[in-house]
1. Being within 16 Å of ligand 2 (Cβ to nearest atom) and of a type outside the set (Asp, Glu) narrows it down to one residue among 209, 231; which is it?
2. Could you list all residues from segment 146-183 that are within 16 Å of ligand 4 (Cβ to nearest atom) and either touching a Ser or Thr at 6+ places or on another chain (Cβ under 6 Å) or on the phi > 0 side of the Ramachandran plot (or both)?
3. Among the residues of segment 370-390, write down those that are closer than 18 Å to residue 336 by Cα and not hydrophobic (A, V, I, L, M, F, W, C).
4. Before we move on, is residue 383 in contact with a Pro (Cβ under 7 Å, 6 or more places away or on another chain) and not assigned by TED's automatic domain parsing to the domain that holds residue 261?
5. Please verify whether segment 228-239 includes one or more residues that are more than 16 Å from ligand 3 (Cβ to nearest atom), buried (at least 21 other Cβ atoms within 10 Å of the Cβ) and basic (Lys, Arg).
6. Taking the stated definitions as given, is residue 371 in contact with a Ser or Thr (Cβ under 6 Å, 6 or more places away or on another chain) and outside the structural domain of residue 252 (by TED's automatic domain parsing)?
7. Taking only segment 377-420 into account, find how many residues are of a type in the set (D, E, K, R) and surrounded by fewer than 16 Cβ atoms within 10 Å (Cβ to Cβ).
8. Surrounded by 19 or more Cβ atoms within 10 Å (Cβ to Cβ), within 16 Å of ligand 3 (Cβ to nearest atom) and under 28 Å from the mean Cα position of the chain (by Cα): does that describe residue 266?
Amino acid sequence: MNFLLRISLSAVMGVCHVGANAQIVVWSEDFDGNGGAGSNWGTLNSTIGVQGITPNVFYISDTESGLTAGSCGASGMGDNSLHVGSTTVGDVGAAYDASVLCLPGCLVCDFFPAFCSDVTTNVRSESASFSTVGLSGMTIAFNYMEFGDLANDNAQLWYNEGSGWTLWTDLAKTVCCGGGACTGFVQGQWTSFSLALPAVLENKANVQIGFGWQNNADGTGTDPSFAVDDIFITRISPLPVEWLGAEVLKYEDGAILKWSTASENGSDKFIIERSQDGDFYTEIGQVKAAGNSSSTKHYAFNDLELEEGNYLYRIKQLDFDGAFEYSKDLVLTIMEEDIKLRVYPNPANDRISIECGLSQPEDLQLQVYSVSGKLMKSEGLAGQKGSNHVQIDVSDLSPGVYFVTKRSQSGIHSTRLVIQ
Ligand SMILES: [Ca+2]
Ligand SMILES: [Ca+2]
Ligand SMILES: [Ca+2]
Ligand SMILES: [Ca+2]
């Protein structure tokens, strides 16, 4: 029988440190949410191998307080951890039952029959799943303590990338309070751990991490068992998008926005915003981003049929994690003569107004054609520089699709018209 109740020692309550500001938390778990159940945790005890009648089990509680690295183990500090305790004695911190199977004539077993059953354990405590879509370059970090008995009574770190569990690494045994070896009579010492996430966990919709604990029932084993707290999965935030340039080009009465990126990291989408006063911007469209890219990507967005006036555009680049940044402002001016051909109302039933802009005085021919190419209406006028307006009676046209065409020396413009 080698079961030790652990005694609370004084320890300093700590706060968790994620690291430098450049790190963005992808997922975290401190086992303090949901009334102590662990807000992001999934299955507390999942059997993954041979189990005895009274196996050791994972608990989430403050009987082993989740303290900062370097702290000696303590209980009741108001900070839950996930730890391995005993079925026979219950949750008394990171302390397990390493006992033997009871043999006939075993004196201890006569007095403590509850301890005398097979404690063979092979369980895993599993997080709920979380997403790493669009993310790469991640690191897991947590504080933990582990002793036990070499490979016999041992904790490991696992992951599930979405299709099954993989043993990630066998966590090293930690030193005990004061830096010495664990004897079962000193508290464990909280120790920091960090490890890069393997590429297989990048850009996945359902990722889980887990801690395995297994022990045999050979009567040999030294507390602490295993405890863990303050788990953070973070990523270094490089520039989410490296812009190569953004510009707005005028095409007649429309804007063509073009931009390109040299690289993207976790980039979700581009939101195109427009303003006329420079104070208030409204979203006018979105363009899906590449996500992750290290090659040049080109993007474009058209904003057509603008009224005369000044326009400011900006492109908001949004990351999967909600971070965003704006391009510089892109300025465009639409003048009267840029509005080459505008027909309204459209659809129409009795009259249409045609607006057409000219950069110099020219003779204009305005015509309405059927879809089969038959000329239905024709109006000629001496066009002036700037905007010209003409009304045409279309009440005699049967419902359907037509084309309105403007002809002048400087070119032909055409637009679709629906008669209701
Ligand atoms: Ca905690
Ligand atoms: Ca903690
Ligand atoms: Ca281990
Ligand atoms: Ca053992």
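The values are calculated or read from the model by the stated rules, or taken from the named source; none is laboratory data. Just so you know, these numbers come straight off a predicted model, no measurement behind them. Every residue, glycine as well, gets a Cβ built from its backbone with ideal geometry; the counts of neighbours run over all protein chains shown.
1. When all the criteria are applied, what remains is 231.
2. 146, 147, 148, 149, 150, 182 - these are the residues of segment 146-183 that are within 16 Å of ligand 4 (Cβ to nearest atom) and either touching a Ser or Thr at 6+ places or on another chain (Cβ under 6 Å) or on the phi > 0 side of the Ramachandran plot (or both).
3. Within segment 370-390, 383, 384, 385, 386, 387, 388, 389 qualify.
4. So residue 383 fits the description; yes.
5. Checked segment 228-239: at least one residue is more than 16 Å from ligand 3 (Cβ to nearest atom), buried (at least 21 other Cβ atoms within 10 Å of the Cβ) and basic (Lys, Arg).
6. No, not satisfied.
7. Adding up the residues that qualify gives 5.
8. It is false that residue 266 is surrounded by 19 or more Cβ atoms within 10 Å (Cβ to Cβ), within 16 Å of ligand 3 (Cβ to nearest atom) and under 28 Å from the mean Cα position of the chain (by Cα).
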